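Chemist: Take this structure, written in structure tokens, and hold onto it; I'll ask about it next.
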Amino acid sequence: PFTPLALAPITCPWSTPPVLENMLAADPALSNALGCASGTPARFAGAAQVFQSGTMYYLDGAPRSIYVLTIDGHYRRFDDTWVQGVDPDSAGEIPPPGLIEPIRGFGKVWRTNADVRASLGWAITNEMGDTATVEYFERGRAIYLPVRGETIILAEDPGGQSGVWRAISGGF
């Protein structure tokens, strides 16, 4: 008769912060997609802006990154290539009443990628800056931006430029 082999539990070299581990326990598939934590949490300057159909997140660091999160649960990552004094802050577009034209790095990604603009629509809030806490994983990251009061979990597709995301209330 066939006897299945017992798989040894995976031992990660870094522990996930307990609060974040509890958040991920509610979604084992997402936790498995992320893999092991790859270090201790780091802090970076960050920002968020809410749009009609999603959110943009900025994360300082190397490289500076802008994440476009759409309401269908997918995200894309872009390098932040906006340069003060070189790139315009705004394109001077006139948004519909009650909406906002994104500016600087968010605006550059929004203006130069027609699919991003079409999927997000116009901004509904101004940019909100804060200090982000980031936990890196083998295949993704968790980003906590206190001004938003939530942790964004990003599970990467191969290549790391896109994937799926989930928002969990609270921080770590």
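The values are calculated or read from the model by the stated rules, or taken from the named source; none is laboratory data. These numbers come from a predicted model, not from an experiment. Glycine also receives a Cβ, built like all others from the backbone with ideal geometry; neighbour counts cover every protein chain displayed. Just the protein is used for accessible areas: all its heavy atoms, side chains included, with ligands, DNA and RNA removed. Shrake-Rupley method; radii C 1.70, N 1.55, O 1.52, S 1.80 Å.
Chemist: Residues of segment 113-123 being open to solvent by 10 Å² or more (accessible area, probe 1.4 Å) and among the hydrophobic types (A, V, I, L, M, F, W, C), which ones?
Modeler: A114, A118, W122
Chemist: State all residues of segment 56-71 that are in contact with a helix residue (DSSP H, G or I) (Cβ under 8 Å, 6 or more places away or on another chain) and either open to solvent by 40 Å² or more (accessible area, probe 1.4 Å) or closer than 17 Å to F44 by Cβ (or both); if no residue qualifies, say none.
Modeler: Hits for segment 56-71 are M56, Y58, R64, I66.
Chemist: I would also like to ask the following. In the set I168, I143, I152, which member is crowded, with 17+ Cβ neighbours inside 10 Å, over 11 Å from the mean Cα position of the chain (by Cα) and assigned to a strand (DSSP E or B)?
Modeler: I168
Chemist: Okay, moving on. All but one of (1) of a type in the set (G, A, S); (2) more than 13 Å from the chain's Cα centre (by Cα); (3) outside any loop (DSSP other than H, G, I, E, B) hold for G98; state the number of the condition that does not hold.
Modeler: Among (1) of a type in the set (G, A, S); (2) more than 13 Å from the chain's Cα centre (by Cα); (3) outside any loop (DSSP other than H, G, I, E, B), the lone unmet condition for G98 is (3).
Chemist: Of all residues in segment 14-35 being touching a residue at least 24 places away in the same chain (Cβ under 8 Å) and touching a Ser or Thr at 6+ places or on another chain (Cβ under 8 Å), which is most open to solvent (accessible area, probe 1.4 Å)?
Modeler: W14
Chemist: Now a separate question. Going through W110, W82 one at a time, which residue ends up being buried (at least 17 other Cβ atoms within 10 Å of the Cβ), in contact (Cβ under 8 Å) with a residue 24 or more places away in the chain and part of a loop (DSSP other than H, G, I, E, B)?
Modeler: When all the criteria are applied, what remains is W82.
Chemist: Does any residue of segment 57-71 turn out to be part of a loop (DSSP other than H, G, I, E, B) and touching a Pro at 6+ places or on another chain (Cβ under 9 Å)?
Modeler: no
Chemist: Can you tell me which residues in segment 25-42 are closer than 15 Å to E135 by Cα and assigned to a loop (DSSP other than H, G, I, E, B)?
Modeler: If the condition is that a residue be closer than 15 Å to E135 by Cα and assigned to a loop (DSSP other than H, G, I, E, B), then G35, C36, S38, G39, T40, P41 are the ones that fit.
Chemist: So, of the residues in segment 124-136 that are closer than 15 Å to Y67 by Cβ and hydrophobic (A, V, I, L, M, F, W, C), which turns out to be most open to solvent (accessible area, probe 1.4 Å)?
Modeler: M128
Chemist: Restricting segment 45-54 to residues that are over 10 Å from F106 (Cα atoms) and assigned to a strand (DSSP E or B), which is most open to solvent (accessible area, probe 1.4 Å)?
Modeler: The extreme case among them is A45.
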